[in-house]
Amino acid sequence: RGDDPRQFDHLRAEAQTHREAGHAVVLKSLCAGLFEMAQRLRGMEAFLMDLVESPAEAGHLLDRVLAVKCDYWRAALTALGDLVDVTAEGDDYGTQQSMLVSPATFRSVFKPRLAELVRAMKQGAPDAFVFFHSCGSVRKILPDFIEIGIEVLNPVQTTAAGMEPAALKRDFGKEVSFWGGGVDTQAVLPRGTPAEVRDDVRRNVDALAPGGGFVFCTVHNIQADVPP
């Protein structure tokens, strides 16, 4: 159940404590994204085949996941929507070189459902920013994200195809904030010299920060192969 009240025990008090301490309050979803959850339930290869061979069944599974998510956001934001600064969802649609599904498939299958999800988030917390995590090359669908109300993109995978920071800022910087992209975690952090890390940070901050709309952090999680 997405709306199980036990999920929200003490959550309002915790959010109030963070607010009073001057911190932003970020509330995440209860599970992985629509696409990822469907892959976990069916297996990645099976679900990708479902999208082609059994689109009705694939859609039914996505709708069940969507219903659980919407139930969660309605209940969670009824409990503490007035204290939340950022509502966070995510789903990985990109690889290093391209997308996991075509833009056409994204628009026909996933976009309408994501739009319904974002509406539920906005209805419960109209003043909160909608944060969306999607790894890899997602430039082709970034206008679709913006259209349905996504306001913050994470992680800004700067080395993926089409994800050059300066071009993203130029083309989308007035419509979406970039949360991440501060330093590459695939090659620069694990194998670069301190000087190369500094250069990468400066280059990315210079590209993404002007005019605001940038939250500095690494492209993704810092892995165990990064020397202290």
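Counting only protein chain heavy atoms and rolling a 1.4 Å probe, the accessible areas of D63, D50 rank, largest first, as D63, D50.
Charges at C-beta only: +1 for Lys and Arg, -1 for Asp and Glu. How large is the resulting dipole of the chain about its Cα centre, in Debye rounded to 20?
With only Lys, Arg, Asp and Glu charged at Cβ, the dipole is about 180 debye.
With the simple model of a label 7 Å out from the Cα in the direction of the Cβ, R6 to A24 spans 3.2 nm.
Summary of packing: across the peptides 133-140, 97-104, 193-200, the per-residue average of other C-beta atoms within 10 Å ranks them, highest first, as 133-140, 97-104, 193-200. When T158, T17, T87 are compared by accessible area at a 1.4 angstrom probe, the order from most to least is T17, T158, T87.
Computed over the range 79-143, the convex hull of the alpha-carbon atoms projects to a mean area of 4.6 nm². For I141, the accessible surface of its heavy atoms amounts to roughly 0 Å² (probe 1.4 Å, protein chains only, rounded to the nearest 10). Measuring nothing but alpha carbons in the range 84-192 and taking Rh as the Kirkwood radius, the Rg to Rh ratio lands at 0.97. For G136, nonlocal amide neighbours, meaning residues 5 or more places apart or on other chains whose placed amide H falls under 5 Å from its own, are Q157.
When both bridge partners sit in the chain, DSSP labels roughly 5% of those beta bridges antiparallel. What the Cα convex hull of the chain gives, in volume per residue, is 142 Å³.
When the helices of the chain are scored as -39500 (n - 2.57) per DSSP H run of n ≥ 4 and the total is divided over every residue, the value at 222 nm lands at -13500 deg cm²/dmol.
Rolling a 1.4 Å probe over the heavy atoms of the protein chains gives the chain an accessible area of 51 Å² per residue. Report the one residue of F216, Q16, S54 whose Cα lies farthest in the direction of the positive end of the charge dipole of the chain (charges on C-beta: Lys and Arg +1, Asp and Glu -1; origin at the Cα centre). Highest projection toward the positive end goes to F216. Measuring between their Cα centroids, the range 1-70 and the range 148-189 lie 23 Å from each other.
The values are calculated or read from the model by the stated rules, or taken from the named source; none is laboratory data. Worth saying up front: this structure is predicted, and the values here are computed from it rather than measured. Positions of Cβ are generated from backbone atoms using ideal geometry, with glycine treated the same way; all protein chains shown enter the neighbour counts. With ligands, DNA and RNA removed, areas are computed over all heavy atoms of the protein, side chains included. Shrake-Rupley method; radii C 1.70, N 1.55, O 1.52, S 1.80 Å.
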